[in-house]
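Before any comments, here is the structure.
The values are calculated or read from the model by the stated rules, or taken from the named source; none is laboratory data. Treat the numbers as computed from the prediction; the structure is a model and nothing was measured. FYI the Cβ positions are ideal-geometry reconstructions off the backbone, even for glycines, and counts take in every protein chain you see. Only protein heavy atoms, including side chains, enter the accessible area calculation; ligands, DNA and RNA are left aside. Shrake-Rupley method; radii C 1.70, N 1.55, O 1.52, S 1.80 Å.
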Amino acid sequence: FEGVDGAACSACVLGTYKGVNGSGTCSECAAGLYLNVTAGSACLTCPAYTDSVVGSDAITDCVCNIGYEGVDGAACSACLVGLYKPVNGSGLCTQCEAGRYLNVTGGSVCVGCPDQTYSLVGSDAITDCICN
C-alpha cells in the first residue's frame, strides 16, 4: 500500500510493489520481472530465457529472448544449430537461408558462406559451404 502517514492508503496497482511498511510510493517492477496482483510486496521473476518491460503486470508479458523460441509466459528454448531468431517474442526459430549457416545454439543471425561457395537451407557448419 502507498500513501502518507495519517492518511488513507491505496493498494499498489498491478506491475508495481512496495517492499516496506510506512509512507511512500509503489515502484514499478524492473525489466525481467512482473507482478500480477495488487498490493504486492515483491515482483516475480520471468521464466528462463524470457524478458519483460518495466512495469509488467502479467506473466504473459515475459517474452522469449532473441535466439530463443516458445510461447509468451513460459520458459523458452534456444534455437538449434542451423536455426535463428532475430527478435524478442513468441514464435519459432527459422532455418538459415541458402548460402548461410549457424554453428551455435541460441543464434540471432546466420553467417554468410565464404565467397564462391554456397550451402543448403538450414546449414549448421561452415563445412556445409561448398564450392560453386
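List of remarks:
- When residues of segment 90-101 are limited to those that are at pLDDT 95 or above and part of a loop (DSSP other than H, G, I, E, B), the one surrounded by the most Cβ atoms within 10 Å (Cβ to Cβ): Cys96
- Condition met for Lys18 (in contact with a Phe, Trp or Tyr (Cβ under 9 Å, 6 or more places away or on another chain), among the charged types (D, E, K, R), modelled with pLDDT of 95 or more and open to solvent by less than 30 Å² (accessible area, probe 1.4 Å)): no
- Which listed residue, of Cys12, Cys46, Cys64, is free of Cβ contacts under 8 Å to residues at least 24 places away in the same chain, open to solvent by less than 30 Å² (accessible area, probe 1.4 Å) and touching a Gly at 6+ places or on another chain (Cβ under 8 Å): Cys46
- Cβ pairs under 9 Å, 6+ apart, first in segment 88-103 and closer than 21 Å to Ala125 by Cα, second basic (Lys, Arg) and surrounded by 15 or more Cβ atoms within 10 Å (Cβ to Cβ): Leu92/Lys85; Cys93/Lys85; Thr94/Lys85
- Qualifying residue in segment 79-89 (condition: assigned to a loop (DSSP other than H, G, I, E, B), surrounded by 15 or more Cβ atoms within 10 Å (Cβ to Cβ) and either basic (Lys, Arg) or in contact with a Pro (Cβ under 7 Å, 6 or more places away or on another chain) (or both)): yes
- Residue that is least open to solvent (accessible area, probe 1.4 Å) [pool: residues in segment 67-77 that are assigned to a loop (DSSP other than H, G, I, E, B) and of a type in the set (Gly, Ala, Ser)]: Gly67
- Residue list for segment 1-54, filter: hydroxyl-bearing (Ser, Thr, Tyr), farther than 30 Å from Thr105 by Cβ and in a loop (DSSP other than H, G, I, E, B): Ser23, Thr25, Thr38, Ser41
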